[in-house]
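Undergrad: Okay, here's the structure, questions in a sec.
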Amino acid sequence: MVYQRVEDIPKEKLPVHIGLIMDGNGRWAAVRGLPRNAGHKKGTDTFGKLMKHCREIGIKYVTVYAFSTENWKRPKEEVDALMGLLRNYLEDTFKHQEEDARICFLGDREPLSEDIKQKIQKVEEASRRNTAITINIALNYGGRDEIVHAVKALAHKCMQGELSLGQIDEEMVSNHLYTAGQPDPDLIIRPSGEYRLSNFLTWQSAYSELVFLNVLWPDFTPADLDMAILEYEKRDRRFGGI
Ligand code: IPE
Ligand code: IPE
Ligand code: MG
């Protein structure tokens with residue numbers, strides 16, 4: 001079906017879960033002769049606008065890729081600046097919760113600083129009962145790392161005798177991922193002109209529709225998101241059937 005506007009799409013046909021790879025901040029800054037961190041700062045504003053838009057159009061789950069398990073390879077100043085932006089975001093979100101958004105963090109928290117770990121816990125706890133939208137923030141997230149984490153948890157249960165090998169199936173693996181209990185992403189959008197997933201939702205993306213846009217994340221607008229959703233509506237999802 002070809003729709004002209006997102007508002008014309010019946011609610012039950014909208015993607016339930018959208019994944020967004022927030023990429024291109026550094027290049028956005030470079031073309032303006034600014035430090036990379038200026039791009040990250042602008043990217044945070046884009047994130048705020050987009051989450052509001054997703055909620056308004058009726059998207060129930062959004063997962064944004066904020067920091068990958070590989071992003072620690074970046075210079076310390078850049079990692080520190082990203083963690084600083086995260087800290088500000090967590091403080092603001094804790095103060096203003098009028099958006100009715102449930103915030104969840106996906107990823108390994110262990111290497112994060114103590115204060116960030118605590119702020120994450122506070123935000124998750126305070127927003128736990130919000131129902132308009134679930135916003136997952138993938139932070140120190142890697143799809144492979146997530147699978148290893150699930151495999152270890154399952155192996156541990158087997159060793160403890162709580163679980164037998166025969167009981168392990170796809171659903172059980174899904175339920176040991178950071179996204180346990182949530183639907184898989186219907187649509188994954190990557191701006192910035194790169195055509196890869198970079199370790200994002202590796203297990204969950206098995207049947208996701210992918211849309212790649214040639215715009216840098218800080219320039220990404222609600223209209224770009226709408227365009228990606230309209231493209232998604234044209235796809236024929238067969239899941240291996242005919
Ligand atoms: C995405 O923008 C933000 C993070 C990965 C944290 P980049 O920083 O990757 O920007 P480019 O890809 O270098 O332009
Ligand atoms: C993916 O972007 C990770 C995030 C957006 C957080 P990268 O910039 O790290 O990905 P690569 O290195 O281009 O694959
Ligand atoms: Mg990048």
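Undergrad: Can you name the residue in segment 225-242 that is over 30 Å from H176 (Cβ atoms) and out of contact with any strand residue (DSSP E or B) (no Cβ under 8 Å at 6 or more places or on another chain) and, of all such residues, is farthest from ligand 2 (Cβ to nearest atom)?
TA: I242
Undergrad: A further question follows. Would you call L14 within 22 Å of F220 (Cα to Cα), more than 16 Å from ligand 3 (Cβ to nearest atom), surrounded by fewer than 21 Cβ atoms within 10 Å (Cβ to Cβ) and not small (G, A, S)?
TA: Against the criterion (within 22 Å of F220 (Cα to Cα), more than 16 Å from ligand 3 (Cβ to nearest atom), surrounded by fewer than 21 Cβ atoms within 10 Å (Cβ to Cβ) and not small (G, A, S)), L14 qualifies.
Undergrad: Are there any pairs with C-beta distances below 8 angstrom linking a residue in segment 22-50 that is farther than 18 Å from L139 by Cβ and in a helix (DSSP H, G or I) to a residue that is hydroxyl-bearing (S, T, Y) and within 13 Å of ligand 2 (Cβ to nearest atom), with the two at least 6 apart or on different chains, and if so which?
TA: Partner pairs satisfying both residue conditions: R27/S192.
Undergrad: Okay, next question. Are there any strands (runs of 3 or more DSSP E) wholly within segment 132-224 with 2 or more residues that are within 16 Å of ligand 3 (Cβ to nearest atom), closer than 30 Å to T44 by Cα and touching a residue at least 60 places away in the same chain (Cβ under 8 Å), and if so which?
TA: 133-141, 187-190
Undergrad: Can I ask one more? Does segment 54-72 contain any residue that is within 14 Å of ligand 2 (Cβ to nearest atom) and basic (K, R)?
TA: No, the conditions are met nowhere in segment 54-72.
Undergrad: Still on this structure, please answer the following. In contact with a helix residue (DSSP H, G or I) (Cβ under 9 Å, 6 or more places away or on another chain), buried (at least 18 other Cβ atoms within 10 Å of the Cβ) and not β-branched (V, I, T): which single residue out of L165, L82 fits that description?
TA: L82
Undergrad: Output yes when any residue across segment 108-121 is among the polar types (S, T, N, Q) and not in a loop (DSSP other than H, G, I, E, B), and no when none is.
TA: Yes: segment 108-121 contains one or more residues that are among the polar types (S, T, N, Q) and not in a loop (DSSP other than H, G, I, E, B).
Undergrad: Here's something else I'd like to know. Looking at segment 227-236, which of its residues are surrounded by fewer than 17 Cβ atoms within 10 Å (Cβ to Cβ) and either among the small types (G, A, S) or touching a residue at least 40 places away in the same chain (Cβ under 8 Å) (or both)?
TA: Passing the criteria: only K234.
Undergrad: Which of the residues that make up segment 186-211 are more than 12 Å from the chain's Cα centre (by Cα), within 12 Å of ligand 2 (Cβ to nearest atom) and surrounded by 20 or more Cβ atoms within 10 Å (Cβ to Cβ)?
TA: P191, S192
Read-outs throughout are calculated quantities, based only on the coordinates presented, and are distinct from any laboratory measurement. Since the model is a prediction, treat every value here as computed from it, not as a measurement. Cβ coordinates were reconstructed from backbone atoms using ideal geometry, including for glycine residues, and neighbour counts include every protein chain displayed.
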